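Worksheet: one structure, shown below.
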């Protein structure tokens, strides 16, 4: 390959990397207290008393960040307090040097990475707890410390350290997003966080290129030392297990190599690594990805020798992580800089989903089972009056409505990071709770109207309409059905009030503005949810069997383009039934309780009939038999198609009755 500026830069960097290996022991001669590694080791030692239960509590807590910390989680974080103090002290130091012995090659042990990753989770949980407690400034300080720790780990100049560094950064950033979702990150918090993040935001965040170059430099010397003689290569035939995944093939190939062949392979590996690093340095990201894919294909074909086949991982996937890191850093710096300068208002970053989830949590915690059952029964029987117990509960608990109102007034609603179930599931985790808080709004709206409190009645109806606009962008299949059902429960009350002349022009305008935010071409989000679920269901079916052949995959691809909401719900029921078969009884009972709360969304008897089909359909999927896609009709239990057809008519009728004479809405102005 002809010489180029990138290649000349690469050779210069490789020379510096080799020099760094030679002089590294001298760099660790400064005061140990100034070395972050000293304090991180103290943190690791202090954390040795933490139990697996403590770690599991923290992991579970971070998986559901909208929920406040339990007393058990708080106690686990408290037990880690001394370790976390050492961790923060380490993050304040100017350098991090473990004096690693790179001469050990790929046998080099890095025992600090696992404990630091675990401590990072405790620190993230502590910051999340502070956010829930309203102490955003201290939380920002602790998050900034974690960002600095992430930057320190990069100095190991080993690829696994780079990946751990990015994992800590990403976990920390997820917690920061919780604070942004709550609009509690202002200029003071942004300044502290920016100082920490900008230390990482170099031309090569997380040191991907330097790690690759270091591994290349070390690997060539280590391989030559380990396998340089015929006897060494013969011994390697049974001694590579634990180092490489394809050790048997590699050992057999190495065992029969001559010295000349081995050195030729080693030279090819070295040159290949030069090409990989040069691709990482390219400014054109698409060209870089194409080059890496080309090189990987050559490795797989054996074009670069045996050593390359056992030493080269999927560097295109690693490159994707590098790009993700750069994108994540750029977006975060831009946002925090905007908050710092005042160009971005914290309230603009607030996420309505957080407030809706807090309302759901409040309902689950504060309402006893009998009150929830009365609420659901009342919703299923609209003509029935409120019993005294339900009326009293609605009277005394205004916090849920306040949370829903706050959320409905926000610009952004994004449930993605709070959703663990895939889009191939029957319903997201929050579906049952969402249906219940919407029932509460309807019940309180009816209660306010019957009492002549028209302002309160309109307020509750407006909240439902705003939530409908928000949830029209939520991708799970169940979300359109839930919010459409809620709208269909509230609108008759509004229509009756219009007929009675009890709504003022201001009331009508409030309701119209709330509904006008909904996309008329896809009210309640049916089309969007089907489009997203088609991709997810196709991917789930492909993953479900290793026996799909090209004809069957082509059938799946063609069928997926025609799947309706009812088709997708049917396949979701099959997958859900398969998962239930391997789940604990307690988990299945919890799912049953969720479905009971969605009894007006799903026909549970029809769902049971769909589940029965898993007995014959699941084995077909496992065997790669795609014939189930034709012939037999699916069992409909959600009526998604019929509801989708009705959605536009429902919204148009409501807008027509509420539209002020001064606010015509033309078809050309409709939002997609």
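Hey, any hits in region 473-481 for a residue that's assigned to a loop (DSSP other than H, G, I, E, B), surrounded by fewer than 19 Cβ atoms within 10 Å (Cβ to Cβ) and in the same structural domain as residue 537 (by TED's automatic domain parsing)?
Going through region 473-481, the residues assigned to a loop (DSSP other than H, G, I, E, B) turn out to be 473-477.
Narrowing the set further to residues that are surrounded by fewer than 19 Cβ atoms within 10 Å (Cβ to Cβ) leaves 473.
Right, trim to in the same structural domain as residue 537 (by TED's automatic domain parsing) and you get 473.
Checked against the condition, which is being assigned to a loop (DSSP other than H, G, I, E, B), surrounded by fewer than 19 Cβ atoms within 10 Å (Cβ to Cβ) and in the same structural domain as residue 537 (by TED's automatic domain parsing), region 473-481 yields at least one hit.
Would region 412-424 turn up any residue that is modelled with pLDDT under 95, within 17 Å of residue 514 (Cβ to Cβ), surrounded by fewer than 22 Cβ atoms within 10 Å (Cβ to Cβ) and assigned by TED's automatic domain parsing to the domain that holds residue 574?
Checked against the condition, which is being modelled with pLDDT under 95, within 17 Å of residue 514 (Cβ to Cβ), surrounded by fewer than 22 Cβ atoms within 10 Å (Cβ to Cβ) and assigned by TED's automatic domain parsing to the domain that holds residue 574, region 412-424 yields at least one hit.
Assigned by TED's automatic domain parsing to the domain that holds residue 375, assigned to a helix (DSSP H, G or I) and modelled with pLDDT of 95 or more: which single residue out of 611, 580 fits that description?
On the way: 580 fails: modelled with pLDDT of 95 or more.
Among 611, 580, only 611 is assigned by TED's automatic domain parsing to the domain that holds residue 375, assigned to a helix (DSSP H, G or I) and modelled with pLDDT of 95 or more.
For residues that are assigned to a helix (DSSP H, G or I) and over 28 Å from the mean Cα position of the chain (by Cα), scanning just region 583-608, find the one that is surrounded by the fewest Cβ atoms within 10 Å (Cβ to Cβ). Even if it seems obvious, please write down each step before you answer.
Taking region 583-608 as the starting set, the residues that turn out to be assigned to a helix (DSSP H, G or I) are 585-597, 604-608.
Still in the list and also over 28 Å from the mean Cα position of the chain (by Cα): 604-608.
On the way: 604: 14, 605: 8, 606: 16, 607: 20, 608: 13.
Applying the filter and picking the extreme gives 605.
Looking at 325, 374, 308, which is the one that is at pLDDT below 90, touching a helix residue (DSSP H, G or I) at 6+ places or on another chain (Cβ under 6 Å), under 23 Å from residue 195 (Cα atoms) and crowded, with 18+ Cβ neighbours inside 10 Å? Write out each step before concluding.
Working: 374 fails: under 23 Å from residue 195 (Cα atoms); 308 fails: under 23 Å from residue 195 (Cα atoms).
Result of the check over 325, 374, 308: 325.
Inspect all residues belonging to region 461-469 and state whether any of them is part of a loop (DSSP other than H, G, I, E, B), crowded, with 24+ Cβ neighbours inside 10 Å and touching a residue at least 40 places away in the same chain (Cβ under 8 Å). Lay out the reasoning, then the answer.
Within region 461-469, the first condition is being part of a loop (DSSP other than H, G, I, E, B), and the residues that meet it are none.
Looking through region 461-469, none of the residues is part of a loop (DSSP other than H, G, I, E, B), crowded, with 24+ Cβ neighbours inside 10 Å and touching a residue at least 40 places away in the same chain (Cβ under 8 Å).
Here is a yes/no grid of residues against (1) more than 20 Å from residue 328 (Cβ to Cβ); (2) at pLDDT 90 or above; (3) assigned by TED's automatic domain parsing to the domain that holds residue 163; (4) in a loop (DSSP other than H, G, I, E, B):
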{"residue": "189", "(1), (2), (3), (4)": "no, yes, yes, no"}
{"residue": "193", "(1), (2), (3), (4)": "no, yes, yes, no"}
{"residue": "244", "(1), (2), (3), (4)": "yes, no, no, yes"}
{"residue": "250", "(1), (2), (3), (4)": "yes, no, no, no"}
{"residue": "275", "(1), (2), (3), (4)": "yes, yes, no, no"}
{"residue": "279", "(1), (2), (3), (4)": "yes, yes, no, no"}
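If we scan region 99-110, do we find a residue that is closer than 30 Å to residue 357 by Cβ and either out of contact with any helix residue (DSSP H, G or I) (no Cβ under 9 Å at 6 or more places or on another chain) or at pLDDT 95 or above (or both)? I'd like the intermediate steps shown before the answer.
First, the residues of region 99-110 that are closer than 30 Å to residue 357 by Cβ: none.
Within region 99-110 (the criterion being closer than 30 Å to residue 357 by Cβ and either out of contact with any helix residue (DSSP H, G or I) (no Cβ under 9 Å at 6 or more places or on another chain) or at pLDDT 95 or above (or both)), the answer is no, since none of the residues qualifies.
The values are calculated or read from the model by the stated rules, or taken from the named source; none is laboratory data. This is a predicted model, so every value here is computed, not measured. Cβ atoms come from the backbone with ideal geometry, glycine included; neighbour counts cover every protein chain shown.
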